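The values are calculated or read from the model by the stated rules, or taken from the named source; none is laboratory data. This one's a predicted model, so the numbers in the text were calculated from it and none came from an experiment. Using ideal geometry, Cβ is built from the backbone for each residue, glycine included, and neighbour counts are taken over all protein chains shown.
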Amino acid sequence: MQGRLPAGLDGAMPPAAALHGVVSRPPRMAWDGRRYTGPGLARLDDAAARAMPGVVDVVRIAHFVGVVAVSAVLARQAAEMLAPQWRSTGPVPATPPEDAPEAAAQTYTWQLPAHPCVEGLSVTVWCVAGVAGVWLPGGGERHASLRAELAGLLDLPGDRIHLASAGSCIVHDLDVMDAAADAALLSRAVGRPVRIFLQQPAEAGALSLAAQPMMPAAQDPQAPSGEAAPLASEPPAACLHANVHWGVRPSLARLLATPAQAAASARSAAQGDPAIVSASTGGALVHASSTELGAMQVFAQESLLDEAAARLGADPLAHRLSVAPPGPGRELARRLAEQSGWQALPSGAAGAMALDQRLSAQDGMPALRGRGYASAHVRTGDIEGGTQDSWSAWVVEVAVEPDTGRVDVTRLVVGHDSQHLQAAQGAAIHEQPPQLLDSARRLLGVPARFDDWGATAAGGAAPLALAEAGHEMVHAQRDAQEVRTALAQPPVAQGRLAADGVLTLPAAAAIANAIFDATGVRLRQVPFNSEQLRQALLPSRPRATPRAWYKRGGLWLAAGAGAVAGLVTMAWPGKPAIAPTDGPDVSLYSDAAIERGRLVAAAGDCVVCHTAPKGEANAGGLGLETPFGTIYTTNITPDNDTGIGRWSFSAFDRAMREGVHRDGRQLYPAFPYTAFAKLTDADMQALYAYLMVQPPVRSEPPKTELAFPYKLRPTLAGWNLLFHDNSVYQPDPAQSLAWNRGAYLVEGAGHCAACHSPRNALGAEKRGLGSYLAGGEAEGWTAPALNQLASGATPWTADELFQYLRTGYSARHGVAAGPMAPVIHGLAELPESDVRAITTYLLDLPGGKAAGGAERKEAPAPAPAMSAATDALPAAAARQPDAQRLFVNHANGERIYQNACAACHEAGSGPTLFGVKPSLASNPNLHAATPDNLLQVVLHGIQQPANEELGYMPGFKDSLDDRQVQDLLGYLRARFAPQARPWQDTEPAIDRIRKQAH
């Protein structure tokens, strides 16, 4: 570092008094490897944002737009008020290079994972006096590339950028880079430290390479029959054409702030010895680091080499040795072949052996077995400008079960030769290979299921299972300590390799090559799909005999009979009691199971309904008002006498899925078992475990006593037969994993339809296409429709809906209140990926195109002031007594608004007294058909906000009489929803809501 850092920039911890920044981005972005090609900023309404108390500055640089404020919630509010409009330039077609093959090519795909949740992590940057201090989460392995990116963005020498890291966490390099670049531009503009919270992309995406198959070597006419032709001494040419630019994209801040100067931040580190990697000239951004690009490249080119050997009828490893140039890489391959006991097969034997194995499998022989080889070569630059070379190679042996597609890695031998290995603590060599197997397991990936909490990786296909294997380690030209150093690097996650990630780069290709050797099936997509492998092996199975057909037919008949029996059982009024137990042994529950159950309970808001005012959590006693009477919730703590402490899992599962108490009583559907039935067995078991480890509370809730005929519980069996489907949620294979995850949460644990769907005369949710989530009633509040969020008068964007569900506030849509506030509390417990999955699903419901990719519609412009809304009234007052009265009432309403409301709801009218300053211009309650929700807030206020940063709102039921409330309602409706018809005869609604307890 040249010179001394200013005070405050040289510490390990960021400044405590940092400001908060939020950045607005286009709905989509594109890049051609040299410049930004996505939508540009056309218009920005920054006057209202700048006028907000607490806003320090609105920063605009080209297409980059950000807000700096004294708190995160105020920064988000101001950013939403900017309402940027983007000039769409249309998608940039990806065109292949001139030398790309015209014929159809094989495509290799590397599915990028949804990386770990980064919620709560932040980057702080302070630019002052030509120096930048940057405080990052996690370790320092990303410092070199980040320093180079910030140096180019800020036009500073690299040694004028001070980087400090705190804590240890797994986070994607590009997430850190984007947050740091955003904070750097904002800090440079305001001259003060700025904190930016990390965000991750909504979709993980995929890398694809289109490969021109290698041509086999010419046959030697003098070669003996059945023997291989001489192998070429040079590798055959191949072209790998990528559909994205083959380099790490720059930071989003650099793309938007300097759109004409946005070259790649870094190139892929893997060397393309046997292939040429070219890139397209445009396309959407890919959230991929240099190691992810390198892993994709190695997977494609090593698979191509293996296919070339197969076409030649040659042994794969012998083929590699024949085409590899002399040097460390070739020597490593030779040593690895010797150490692993690799015996070259005769010409053409590999394919014949695979065929024989498949034929043997038809006769009930054991699993198919094969072996594969792959290697990688990485060349990296060091800080002195030199280069470092590393080689690694894997030999993998697998066993494949044809009936299921399951793959077991039965043996793993790894070789490594590096000129430079990072210093780290390592254990003995024989203890480390299992870590490599774990790395391979993660690298190949286990695609998340729709019921995996906090993991919504793209894909969703069944993974290839990796069983425990034997392992060996061989290294060339390096001593044992260096190998231990390499093995001690952090575990490798799918697509997220260690800094010295050359060690694991060959994993995917080696396993793919072994699977091909065993089955003759070439898998070209990572993570691998066991179902795809099983289907590919189906043609080799014997055709079913008539006897087998009858056996399967009998199974179908049995399944049908079971389904009918299930319907009869559900409809039968009398249900047997399930005997009480001594309770489960809670010591058997793992911490992971209990944590999973906690998340299920949070998503289901169990504690909200099962806790009476001022009562113990989950002890029951809350009265739920329904059209049929008051229903009191039960005690779900593990108390033996008054709770569920003596319930077996079978009793719990029956109650959750069928609505039947342990003693056989039918439960009223005010308990949303109609939604909880969608839970998978794993989630149900986890929820049971979580509830059973909670503190027992002895509490006897009031008994539910409904009027005749609703008190006849056996009649609910018929209700269930008509309206209840107790089947587990089945994912839609045509939709993404995030969509299915969102649907599972909304339809299942979240039971959103319980409040947001209309009900029929018998209290059942209407499930038709036009009724599902079309709006309903809950605890005296109107629950708005959720099936047209993307196409309403003020359409929601994905970011707006995510922020609302996460924090309970959106500047363009208002504050969560009433029954929605505790829902926000529950959602705050869930992983960020789950809330984004809910957003994905809701915005895709019928009613309009998802807002994430559509141009945002403008909300109806409210009248700027009451005087503008009533200019014509005085002239008409002399001729129309009703108009005169209306004018007087509106004038009274305006005075009440100015005295009671404006201080908190008018931008620029003084300090923020209680929290945010939510604008009423686009508040949906003012545009609603009834004034019920607005009355709830005016009379009862918001005593328990969804987020503490929002502050509370006082109620005015004791300070405003009915006439004043009427006048205030009329004024608010006329000013903020002038296109809507005035509410008529609001006195009954005022009287009804005054009497409701809040």
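Exactly one condition in (1) within 28 Å of the chain's Cα centre (by Cα); (2) of a type in the set (Phe, Trp, Tyr); (3) modelled with pLDDT of 90 or more is false for Phe528; which is it?
Every listed condition holds for Phe528 apart from (3).
If we scan the range 325-335, do we find a residue that is over 28 Å from Ser530 (Cα atoms), over 42 Å from the mean Cα position of the chain (by Cα), among the aliphatic types (A, V, I, L, M) and modelled with pLDDT of 85 or more?
The answer is no, given that none of the residues of the range 325-335 is over 28 Å from Ser530 (Cα atoms), over 42 Å from the mean Cα position of the chain (by Cα), among the aliphatic types (A, V, I, L, M) and modelled with pLDDT of 85 or more.
State yes or no: is Ala593 modelled with pLDDT of 75 or more, in a helix (DSSP H, G or I) and under 30 Å from Leu207 (Cα atoms)?
In short, no.
Kindly check whether there is at least one residue in the range 638-653 that is among the β-branched types (Val, Ile, Thr), over 30 Å from Gly742 (Cα atoms), surrounded by fewer than 20 Cβ atoms within 10 Å (Cβ to Cβ) and not assigned by TED's automatic domain parsing to the domain that holds Leu830.
yes
Given the criteria at pLDDT 75 or above, among the basic types (Lys, Arg) and not in a loop (DSSP other than H, G, I, E, B), does Arg992 qualify? Steps first, please.
Numbers: at pLDDT 75 or above: yes; among the basic types (Lys, Arg): yes; not in a loop (DSSP other than H, G, I, E, B): yes.
Against the criterion (at pLDDT 75 or above, among the basic types (Lys, Arg) and not in a loop (DSSP other than H, G, I, E, B)), Arg992 qualifies.
Here is a list: Leu667, Leu706. Which entry is surrounded by fewer than 21 Cβ atoms within 10 Å (Cβ to Cβ) and in contact with a strand residue (DSSP E or B) (Cβ under 6 Å, 6 or more places away or on another chain)?
Values: Leu667 fails: in contact with a strand residue (DSSP E or B) (Cβ under 6 Å, 6 or more places away or on another chain).
Exactly one of Leu667, Leu706 is surrounded by fewer than 21 Cβ atoms within 10 Å (Cβ to Cβ) and in contact with a strand residue (DSSP E or B) (Cβ under 6 Å, 6 or more places away or on another chain), namely Leu706.
Can you pull out the residues in the range 54-87 that are among the hydrophobic types (A, V, I, L, M, F, W, C) and part of a loop (DSSP other than H, G, I, E, B)? Outline the logic, then answer.
From the range 54-87, those among the hydrophobic types (A, V, I, L, M, F, W, C) are 55-56, 58-59, 61-62, 64-65, 67-70, 72-75, 78-79, 81-83, 86; that's our starting set.
If the condition is that a residue be among the hydrophobic types (A, V, I, L, M, F, W, C) and part of a loop (DSSP other than H, G, I, E, B), then Ala62, Val70, Leu82, Ala83 are the ones that fit.
Among the residues of the range 730-750, count how many are outside any loop (DSSP other than H, G, I, E, B) and at pLDDT below 90.
In the first step, residues of the range 730-750 are kept if they are outside any loop (DSSP other than H, G, I, E, B); the result is 737-747.
Retained after the next criterion (residues that are at pLDDT below 90): 737-738.
Final tally of qualifying residues: 2.
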